[in-house]
Amino acid sequence: MIATRAGKKRSGVELAVGNLSPEPVPGTEQTAFELELARLIVTAANLDLAPEQIDPAAPIFGQGLGLDSIDMLEVALAVSQHYGFSLRSDDPDNRTVFASLRNLAAHIDKHRTK
């Protein structure tokens with residue numbers, strides 16, 4: 001099943017969000033912290049899907065959830081407020097950090113102060 005993000009259009013085409021079945025993708029169930037972070041991302045980026053529907057191994061930006069650079073700023077601000085450290089745009093590891101929900105959760109867990 002393909003769903004679209006509320007209010008996000010590019011060239012008149014709504015962005016696809018990916019597999020949004022209500023059950024987790026087998027073998028990719030979210031950890032408790034990944035679910036917490038998925039809730040934060042859904043709220044910060046105003047996504048029209050349940051946090052449980054986010055595949056923790058799928059890309060966050062671009063093809064995965066379809067998040068763009070503005071969404072990235074909103075997510076980074078929310079992470080800063082909730083976890084006490086800043087995600088920096090000049091971090092050379094950003095490609096790896098933002099490759100998936102799972103990678104982002106691991107990075108936050110390693111660096112969080114709250």
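The values are calculated or read from the model by the stated rules, or taken from the named source; none is laboratory data. The structure displayed is predicted, hence computed values, not measured ones. With ideal geometry, Cβ positions are generated from the backbone for all residues, glycine too; neighbour counts draw on all protein chains shown.
Considered as a group, the residues in the stretch 64-82 that are free of Cβ contacts under 8 Å to residues at least 40 places away in the same chain and more than 18 Å from HIS107 (Cα to Cα) include one that is surrounded by the most Cβ atoms within 10 Å (Cβ to Cβ), and that residue is LEU67. The set of residues in the stretch 68-83 that are under 10 Å from the mean Cα position of the chain (by Cα) and modelled with pLDDT of 90 or more comprises ASP71, VAL75.
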